[in-house]
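The values are calculated or read from the model by the stated rules, or taken from the named source; none is laboratory data. The model shown is predicted, which means the values in this text are computed figures rather than measured ones. Don't worry about glycine lacking a Cβ; one is built from the backbone with ideal geometry, like all the others, and counts go over all protein chains shown. Remember, those area values only see protein heavy atoms, side chains included, never the ligands or the DNA or RNA. Shrake-Rupley method; radii C 1.70, N 1.55, O 1.52, S 1.80 Å.
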Amino acid sequence: MDALMSNALVDVSVRFDIIGLSPDSQEDEAGIKQAAENVKALIDQEVKNGIPSNRIILGGFSQGGALSLYTALTTHQKLAGVVALSCWLPLRASFPQGPISGVNKDIAVLQCHGDCDPLVPVMFGSLTVEKLKTMINPANVTFKTYSGMMHSSSLEEMMDVKQFIDKHLPPID
């Protein structure tokens, strides 16, 4: 019970408008930034409730994964990691060309994607992981693809997520 009480997995369920899903699509910058601020407020609330921010993993699927990545890269709270499933990095052009200097420059990221995803093509995942590796410690970025998986999840992917969480949020004695 202590380990459960000392961790928080924040499911990012705050949304923004998706105008298009191609690398050159216009993005809802104001909506993305507002959604990220809402998630940061959730993190602040967890910290006020006694959960250290470095025991929080942000995670989401598709739009939630995109928001998790953006939030982790822009927050001032040090986080334990990000689980980003079938997603992309929103507002990627707004980030620096080189490494970020924030508290999460060494954050662990698990990014997963199906190789048959018709909604968010795996190319978006590949572009995102390459951008992430220039921004944060590339040794901490893991990209996994799943053969035949569409815009969905699989038992194999969920086992990889569990392994990531277990590694980055070990029990507290």
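Looking at region 69-126, which of the residues that are open to solvent by 20 Å² or more (accessible area, probe 1.4 Å) and among the charged types (D, E, K, R) is farthest from the chain's Cα centre (by Cα)? Of everything passing the filter in region 69-126, D115 is farthest from the chain's Cα centre (by Cα).
For region 47-55, does any single residue satisfy the condition of being under 24 Å from K167 (Cβ atoms), surrounded by fewer than 24 Cβ atoms within 10 Å (Cβ to Cβ) and touching a residue at least 60 places away in the same chain (Cβ under 8 Å)? Yes, region 47-55 contains a residue that is under 24 Å from K167 (Cβ atoms), surrounded by fewer than 24 Cβ atoms within 10 Å (Cβ to Cβ) and touching a residue at least 60 places away in the same chain (Cβ under 8 Å). Inside region 88-117, can you point out the residues that are at pLDDT 95 or above and farther than 22 Å from S53 by Cα? Those that are at pLDDT 95 or above and farther than 22 Å from S53 by Cα: C112, H113, G114, D115, C116, D117.
Every listed requirement among (1) in contact with a strand residue (DSSP E or B) (Cβ under 6 Å, 6 or more places away or on another chain); (2) more than 21 Å from L67 (Cβ to Cβ) is met by K144 save one, (2).
The single condition among (1) surrounded by 23 or more Cβ atoms within 10 Å (Cβ to Cβ); (2) aliphatic (A, V, I, L, M); (3) in contact with a strand residue (DSSP E or B) (Cβ under 7 Å, 6 or more places away or on another chain) that A66 does not satisfy is (3).
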